[in-house]
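Single-structure report; data block below.
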Amino acid sequence: MVQFEKVKRPKTRGQSATQLDIATVIDPGKREYQEDAILMDCPVGSDIGIVVVSDGMGGHAAGDIASKIVSTEVFNYWKFSGLNCLSSDAEVRECLMKAAEVANGCLREVASRYSETRGMGATLLVLVLIESRAFWLSIGDSPLYRLRDGELCQMNEDHSMAPQIDMMVKLGILDQQSAYEHPDRNTLTSVIMGGNIPKTDCPEHASHLEPGDILIAASDGLQFLSEERIQSILAGNRSHQSEAIAGRLAKALKDLDSPDQDNFAFSVIKFGG
């Protein structure tokens, strides 16, 4: 069952005003267990918002526990950091990096105490919005998309084998269908498991948002839709509120009726109307 959460808040600067409109969806898809976790906070009247997405590793012990630990630890660390709209890019980045370390340490401690959770892991995507600045940290393959002027792009790195396999298509080594069905496509090259984290994507400087931008912070379950389909839905509904856009994305996933549909969780963020 699709669950929605929505926040719409005004942002005022001088004589002008913009707004941040956020809607969040979580659904188990065709899976028996919900291993995605998503937390969002965007208080009315505040200039700061945060979305945290974590996807428990399928096939590993206690993936649902891992995603809840990672998302909660990162969310709480940020909320108690004391950072505000005057914080520098360097301060925000340091906080996000430390939050990921804390979450990783917590997984390590839980796994050491409870043998049934050993081997659990989770991806992490945290998006922080401060006025018109967007910061993120990601580990794993949970995508962060931006639609601008009708064009969709993935802003963060994909820590899976998918980019290498897609490169093989460009080089003519594989055809598109073989690449899509490749058994190693979803193999992660970085993940939070309580040990060394091979790769972390956390840019030194924020990305500047423009009025009309639409962001999506998601688990990889959203990627059962092609990027072309996601772009089409966003571009075709950009005049609608975030809740309507999120609903159309969720319906498109449901309409696929794929027996392999993974859990999906995502936030749709409209900036500046």
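Details
- Simple point charges give the picture: +1 on the Cβ of Lys and Arg, -1 on the Cβ of Asp and Glu, and for the range 100-224 a dipole about the Cα centre of about 380 debye.
- A cut-off of 5 Å between modelled amide H atoms, ignoring neighbours fewer than 5 places along the same chain, links GLY212 with PHE271, GLY272, GLY273.
- Net charge dipole, the chain: roughly 700 debye, given to the nearest 20, about the Cα centre with Cβ charges of +1 for Lys and Arg and -1 for Asp and Glu.
- Counted charge near TYR145, where neighbours are those whose Cβ lies closer than 11 Å (Asp, Glu -1; Lys, Arg +1): -1
- Based on every Cα atom in the range 43-146, Rg and the maximum pairwise Cα distance Dmax equal 14.4, 45 Å.
- P(r) for the range 164-213, from all Cα pairs and a bin width of 10 Å, is 20, 25, 29, 26, 0 %, short bins first.
- Per-residue HN-Hα couplings for the range 147-153 [Karplus 6.51, -1.76, 1.60; θ = phi - 60°; Hz; x = Gly/Pro]: 9, 9, 6, x, 10, 9, 9
- In the range 193-259, the ratio of gyration radius to Kirkwood radius, Rg to Rh, stands at 1.07 when only Cα atoms are counted.
- Inter-centroid distance (Cα atoms) of the range 148-174 relative to the range 190-254, Å: 15 Å
- Label-to-label distance, nm, for residues given as ASP260 and SER46 (7 Å Cα→Cβ offset): 3.9 nm
- GLN176/ASN196 FRET efficiency (R0 41 Å; Cβ-Cβ; nearest 0.05): 0.75
- Inter-label distance for MET167 and ASN84, nm, one decimal - labels placed 7 Å from Cα along Cα-to-Cβ: 4.5 nm
- Model label zone, GLU131; criterion: amide N under 17 Å from point 7 Å along Cα-to-beta-carbon; scope the range 71-102: 83-93
- Listed values [x] 1.09; [y] 0.98; [z] 1.29, entry calculated as Cα Rg over 2.2 N^0.38 Å: [y]
- Amide H within-cut-off set for LYS199, under 5 Å, with H built and near neighbours excluded: VAL191
Laboratory data are not the source of any read-out in this text; all were calculated from the coordinates shown. None of these values were measured; they are calculated from a predicted model. Cβ coordinates were reconstructed from backbone atoms using ideal geometry, including for glycine residues, and neighbour counts include every protein chain displayed.
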